[in-house]
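The values are calculated or read from the model by the stated rules, or taken from the named source; none is laboratory data. Remember, it's a predicted structure, so these values are computed and weren't measured experimentally. Counting neighbours? That spans all protein chains shown, and the Cβs are built from the backbone with ideal geometry, glycine included.
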Amino acid sequence: MQLGLSVSDSDASPFTPLVVLELAYDTKAEAITWLLNRIRDKQRNGGAELLVDQLMFPAQDGQKPNPNVFVVGSTLQRLLSGAEDVGLCKEFQDGTMRGFTYANRESFKDFEGDGEGFLSDAECQYIVKHELDTLRAKNEVYIPGYPKFKLYPGKSIVRRLQSKGVLVQYFPLHNKEDLKRLSFSWYKKIKLSFQPLDDIRSYFGEGLGLYFGFLEYFTFALIPMALIGIPYYLFDWEDYDKYVLFAVFNLVWSTVFLEVWKRCSATLAYSWGTLGRKKAFEEPRAGFHGPLGLNPVTGREEPLYPSSKRQLRIYLVSVPFVLLCLYLSFFVMMVYFDMEFWAISVYHENPNFATSVLLFVPSIIYAVVIEVMNLLYRYAAEFLTDWENHRLESSFQNHLVLKVLVFNFVNCFASLFYIAFVMQDMVLLRQSLATLLITSQILNQVMEAFLPYWLQRRRNKKVYKRIKRLMGDKELPLLEQIQLETEMNTYLGTFDDYLEQFLLFGYVSLFSCVYPLAAVLVVLNNITEVYSDAFKMCHVFKRPFSEPAANIGVWQLAFETMSIIAVVTNCALIALSPQVKAYFPESDAQLILTVVAIEHVLLAFKFILAFVIPDVPKHIQVKLSKLDFESLEALKKRRRALSRKSWKLRRPEIRGFSEL
C-alpha cells in the first residue's frame, strides 16, 4: 500500500498520508492541540495511536488559506492490528475467507514478509476512519476552547466535532497511480466486456463494488428483453396476443432476474470477505441528540431519545407531509392530463406537423416537472428524517428510503396507471411512457455526466493555475493534490444511483409490454451510466470511505416489491386486451375472476421460484458451514483447556481439604 506521497509527523518518521482532516478556519488552538494529542496517543491511554501532521498552504490572492488542514497516516503494524479490530476477512491458505487475526497473520494467503501490500488502500483508509470514529472522550466535560460544546465519557470525539461544525470534513486521499490504472481499465477505453469489479472494490470498497456489479448485471439481464422488444416495436404488431406473450415473459424475467442476482451478490460478497463478516456494533449518528443516559447494551453514557416521541413525529408530521406531497403530485398529474387533452383537441382541429409535435409537449413538460418535484421532495424528506432524530444511521436510511420511494413511485407511475386502467388508452400509454423515459434519461445524463464534468474541469483549472502562479516551478504534488481534493464535491453514497435503477426497473417491468422498446432505452442509458459514474467517481468526487456490504440492503426488498406490483399490473394489462375480452363477451365479472386467479397462480409461481433458487450458491454454503463448525470446535477446545487449567489450580486445595 503506497500512495506515492510522504509527509513527516512532528514526533515520528515520514509516513504515507491516508486521510485528510479539515477543521474550521477559526478553530481554537486548545481544541486543535487536544485533538492531535488524542489522535497520536497510545491505545492503552485512550488514543488512536495514529500519525498526523499539519499542512501549510501558501496564501492565495492575498487571502490566507485555512491553516487547519491535517493528514493522518499509520504504521503498518497499527493497520494490521486495526484490521483485526474491524473484523476484516481475508483469504486463508485453504482458500476460505476468515476473520483476520494478527496472531495468525502468516496463515493468510497473501501475507508475505512484514505484510506490505496485504491490505488495500481502501481497507487501510477504512481502518483509519474506524479508529478516528471510535476515539472517545475520557474525563473531558467539554471540547477544550468551547465550554458550550459538552462532552461526556464514551462520546465519539469526531462525531461531536462534526455535529458542532468544528470538523468541516474528512476524507481519504486518492492514489494517483492506482487511480490511473483503474481509470484505464474501467472507462477510458470503450469495450463490450465486464467491469473490473475486483479493482473497483479494492479501490472504493465493497459498497460501491456491489452497486457497479448490480448495474452491470441489470444491464446484461435486460438484453433478452431488448432483443425480443426490438421486432415488436419495428413491425408494430397491433395483435395484442403478441403483447400478452411479452407480458408473460416479463413476469418470469423479473422474478428470475432478482433471484439470480442474489446468488451473484452472495458470490461477490464472499470473495470480498463480507458475506460472513460479523456486523460491528453500530454507533449513534453524529446528529443524534437527547438528554444523557446509560446505554443498556454498552453501559456507556450517551444521548437517549424516547421512541414514543419519535413515533409522534413520524405519524403526526412526517406521514401527513408525505400524504400532502402525494396529493400535490396527483394535482400536477391532472393538470398534465388537461394539457394533454388540449393538445389532442388542437391536433384534431388542424392536423399538421406543428400540431403533431405539440402532442409531445405536455409529456415533456410533465417529465421535467416530475424530475424537479423528485429533487425538491428529496431535500424535504432528508430534513424530515433528520428531524425525527433516529439514533442509528441504518434506521435513518431505511426511513429516508421509504419516504423517497413512496413519493417517487407515485410521482413517476401514477399517470401511467391512470392512462392504462382509467382511460384505457394504450396508444397514449405508449406515447407517455416513451416520452417520460427519454426525457428523464436526457435530464439525468446532463445532470450526472455533462454538468459535473464541466464544473470540475473549470474548478481544477482554476486551482491548478492559482497554485502554479504562487509557487512557480516548485513541485508540490501533495499540496496540489489535497488542494484539489478539498474543493471536490462530496460523494453522498449510492442512494440516488439505486433510486434511478429502481425507477428504470419499474418502467421496464410494469409497462414494457405496451412499449417493448423500453428495455432497449434502459440498456443504452445504463451503458452510458457506467462510463459517466466511473468518471465521476475517479475525477469529480472526493474519494469515499470504503463501506463493507454483503448485499444491496433495503434496495433488494424495494426491487422485489416492484416485481410483485409488476405481476398485478401485467395481468391487468392482459385483461384489457381486446383478444382476451373476446373470450368473455357476456360477463366482465368472469373475466375479472379469471384474471385474479391467474394472477394468484403467477404470484405463487414467483414465490415458489424464489424458494427453489437458493440465495447463496451451494459451494459457498458449505464453506460458511465449515467455518461455523471449526469456530464451534475451537470454542469447545478452549473451554476444555480452561476447565483443565482451573482444575489443576484447584487440586492442591482439594487435596489439602481431603487430608483434613
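Listed conditions (1) of a type in the set (A, V, I, L, M, F, W, C); (2) surrounded by fewer than 16 Cβ atoms within 10 Å (Cβ to Cβ); (3) modelled with pLDDT of 90 or more are all met by residue 59, apart from (3).
Checking each residue in the range 25-44 for being within 17 Å of residue 73 (Cα to Cα) and not hydrophobic (A, V, I, L, M, F, W, C) picks out 37, 38, 40, 41, 42, 43. Candidates 183, 163: the one that is farther than 30 Å from residue 514 by Cα, touching a Cys at 6+ places or on another chain (Cβ under 7 Å) and surrounded by fewer than 23 Cβ atoms within 10 Å (Cβ to Cβ) is 183. Entry remark, the range 206-229: residues being in contact with a helix residue (DSSP H, G or I) (Cβ under 8 Å, 6 or more places away or on another chain) and at pLDDT 90 or above number 16 in total.
Taken over the range 145-195, the residue count meeting the criterion of being of a type in the set (Ser, Thr, Tyr) and assigned to a helix (DSSP H, G or I) is 3. Taking each residue of the range 613-627 that is under 11 Å from residue 96 (Cα atoms) and touching a residue at least 24 places away in the same chain (Cβ under 8 Å) and looking for partners that are surrounded by 17 or more Cβ atoms within 10 Å (Cβ to Cβ) and of a type in the set (Phe, Trp, Tyr) with beta-carbon atoms closer than 6 Å, six or more apart or interchain, yields 620/270. Within the range 9-48, being more than 31 Å from the chain's Cα centre (by Cα), at pLDDT 85 or above, small (Gly, Ala, Ser) and more than 19 Å from residue 153 (Cα to Cα) holds for one residue alone: 29. Scanning the range 149-192 for residues that are modelled with pLDDT of 85 or more, hydrophobic (A, V, I, L, M, F, W, C) and farther than 26 Å from residue 15 by Cα yields 149, 184, 186.
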